[in-house]
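Written out below as structure tokens is the structure these notes cover.
The values are calculated or read from the model by the stated rules, or taken from the named source; none is laboratory data. Predicted model only: the values in this text are computed from it and were never measured. Virtual Cβ from ideal backbone geometry, glycine too; neighbours counted across all protein chains shown. For the accessible areas, the whole protein counts, side chains as well, though only heavy atoms, and no ligand, DNA or RNA atoms are used. Shrake-Rupley method; radii C 1.70, N 1.55, O 1.52, S 1.80 Å.
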Amino acid sequence: MDGILTCPLCTLPTTGVAICAGLFSLGAAYVYINNQAIKKAQALAAAAQPVPLTAVKADGSRASYSSDVSPAPQSPDDPNPATLFRLQQLFEVNGDKLSQIAKHMVAEMKKGLATDEATMKMIPTHVVRRPKGDETGSYLALDLGGTNFRVCEVILDGRGGTRVRQSKHTVTDDLKSGTGAALFDFFAECVKSFLLADDQKNITEADLHSTEYKLGFTFSFAVNQVSINEGYLLTWNKGFSASDCVGKDAVVLLQDAFKRKKMNVSVTALVNDTTGTLVSHAYTAPDTYVGVILGTGTNAAYVEKIENIVKYKKDPHGARDMIINTEWGAFDDEMVVIPRTKYDHKVDRGTAHSKSWTFEKLISGMYLGEIVRYILADLVKTGEIYIVGGSKSKTLSVPYAFETAFMSRIERDHSLDLSDVRTVLEDLMHIPNTTLADRRLTKAICEMVGKRAARLSAAGVAAIVTKMNKLDGCTVGIDGSLFELYPHFSNRMRDALHEILGFSADNIVLEQARDGSGQGAALIAALAGKLTN
């Protein structure tokens with residue numbers, strides 16, 4: 001059209017040029033968005049591919065990388081990412097696996113309630129009631145939990161509160177592996193010294209012979225308990241192997257030791273430490289239905305309906321519930337559900353009870369440090385850690401030289417140069433000239449082993465509350481140094497519970513039950529007629 005400007009691409013008159021420009025803008029925007037979507041899809045596809053070890057950071061996370069760009073060189077202060085990745089694969093137990101473990105434990109618990117031949121012994125404790133919190137009086141307790149041994153006098157105030165006077169002792173390795181008579185004579189002598197040391201009562205040796213004392217005995221080992229004050233030792237664990245004890249009544253062994261010391265002490269209750277923890281915590285928190293020990297050793301007790309205890313043939317005399325000592329340390333001794341590493345097998349083979357109490361060897365304080373020691377020794381051989389001084393350390397080759405307390409100390413170290421880790425390695429383990437990379441890898445290994453222990457412990461708790469059908473609300477009293485003192489142990493347990501139980505985990509309260517085993521033994525001894533069958 002003469003005199004009228006047209007768009008060269010669409011032949012529209014000038015009045016349509018603006019419209020055409022708008023269409024071009026929309027088209028360009030579409031192309032840009034489409035290109036961005038393609039790039040995002042390509043990035044997601046790349047992320048789904050297996051990650052090369054060069055793309056794994058020291059903390060185990062994925063590093064950003066491009067196939068066109070070489071990864072940044074590793075800092076000399078960082079651990080070998082390939083070593084980290086390999087160990088993480090060995091020790092990680094994800095939520096799905098934890099759920100599988102918990103389900104298997106429930107099945108094993110049911111087997112143990114039906115027969116004494118099951119792996120988990122599920123021992124009836126004959127404690128058929130829990131305290132109300134209004135009990136009063138002063139009572140003795142002897143608490144053998146493992147390496148540490150205590151004599152306690154527990155005063156109940158009738159309002160759910162207690163006062164405790166106690167003396168602490170260490171059971172030496174010689175006593176653990178000596179004769180049963182020597183071991184129990186040591187216990188009796190400690191009780192004697194404790195009573196004579198009470199300045200307020202001015203007790204004499206003559207009083208020990210003439211006055212009767214009632215005592216609850218917390219004996220934290222597997223027993224076939226046939227009554228409240230009669231139980232036969234099934235097997236030692238926790239490093240004990242004293243002779244002439246297995247198959248014997250633990251109450252008689254202690255009672256005979258008191259007679260040899262000419263002491264008039266009556267052992268009125270034989271209590272497992274987990275049962276004592278449950279009863280003691282229930283004195284102050286009535287909704288406590290589970291007691292757990294997470295210390296040198298580990299175990300759990302809970303309240304079960306007597307009708308579910310198929311193997312219990314005695315007359316319950318109207319009682320509906322009974323506390324069951326699970327002896328969960330032997331869970332999965334068949335090794336069918338929990339993944340084990342070569343280091344776990346090495347620890348197991350190095351114990352006096354190989355292929356038994358294998359769950360305990362994965363989660364208790366007695367063994368965690370030893371697992372770490374085997375890992376470190378292995379990495380020294382492969383040249384992946386302590387390259388300068390690892391081979392010079394004789395301490396690293398000594399069984400149990402790397403204590404679980406070292407792991408706790410190492411995990412607490414958040415200094416830039418990990419100075420406390422250096423102190424443990426160089427001063428206590430005698431590994432000279434450690435590098436920052438060495439110390440970071442050591443800390444990561446401690447975290448892996450400690451985290452796995454906490455998560456496996458949570459799987460056990462999840463199994464018990466599921467078996468009791470208490471997902472709507474339950475308090476779990478937990479005693480022991482791991483739960484109380486090991487960094488992040490309790491929080492790692494709570495996180496794992498949420499992965500296993502979902503929102504129901506909010507109803508499960510994990511509480512510190514300090515000194516539960518000693519107070520519980522005194523409570524059960526004092527109230528044997530009311531609390532026991």
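Couple of notes before you dig in:
- Subset of the range 387-436 that is basic (Lys, Arg) and not in a loop (DSSP other than H, G, I, E, B) - its residue that is farthest from Glu447 (Cα to Cα): Lys392
- Filter pass, Leu156 being in contact with a Cys (Cβ under 8 Å, 6 or more places away or on another chain) and under 19 Å from Ala525 (Cα atoms): no
- Some residue of the range 331-343 being part of a helix (DSSP H, G or I), at pLDDT 95 or above and over 17 Å from Pro79 (Cβ atoms): yes
- Thr268, sole failed condition from (1) assigned to a helix (DSSP H, G or I); (2) open to solvent by 20 Å² or more (accessible area, probe 1.4 Å); (3) within 18 Å of His126 (Cα to Cα); (4) not small (Gly, Ala, Ser): (1)
- Answer residue from the range 313-355, given it is open to solvent by 30 Å² or more (accessible area, probe 1.4 Å) and touching a strand residue (DSSP E or B) at 6+ places or on another chain (Cβ under 9 Å) and is nearest to Phe219 (Cα to Cα) among those: His353
- Considered as a group, the residues in the range 127-164 that are acidic (Asp, Glu) and either assigned to a strand (DSSP E or B) or over 28 Å from Ile306 (Cβ atoms) (or both) include one that is modelled with the lowest pLDDT, and that residue is Asp157.
- Residues located in the range 397-412, provided they are in contact (Cβ under 8 Å) with a residue 12 or more places away in the chain, at negative phi and open to solvent by 10 Å² or more (accessible area, probe 1.4 Å): Ser397, Pro399, Ala401, Glu403, Thr404, Ala405, Phe406, Ser408, Arg409, Arg412
- The residues listed here are Gly239, Gly216; of these, the one that is among the small types (Gly, Ala, Ser) and not in a strand (DSSP E or B) is Gly239.
- Positions within the range 325-350 being of a type in the set (Asp, Glu) and out of contact with any His (no Cβ under 9 Å at 6 or more places or on another chain), in sequence order: Glu327, Asp333, Glu334, Asp344, Asp348
- Of the residues Thr218, Thr211, the single one that is modelled with pLDDT of 85 or more and surrounded by fewer than 19 Cβ atoms within 10 Å (Cβ to Cβ) is Thr211.
- In the set (1) assigned to a helix (DSSP H, G or I); (2) open to solvent by less than 10 Å² (accessible area, probe 1.4 Å); (3) closer than 15 Å to Ser457 by Cβ, the condition left unmet by Met366 is number (2).
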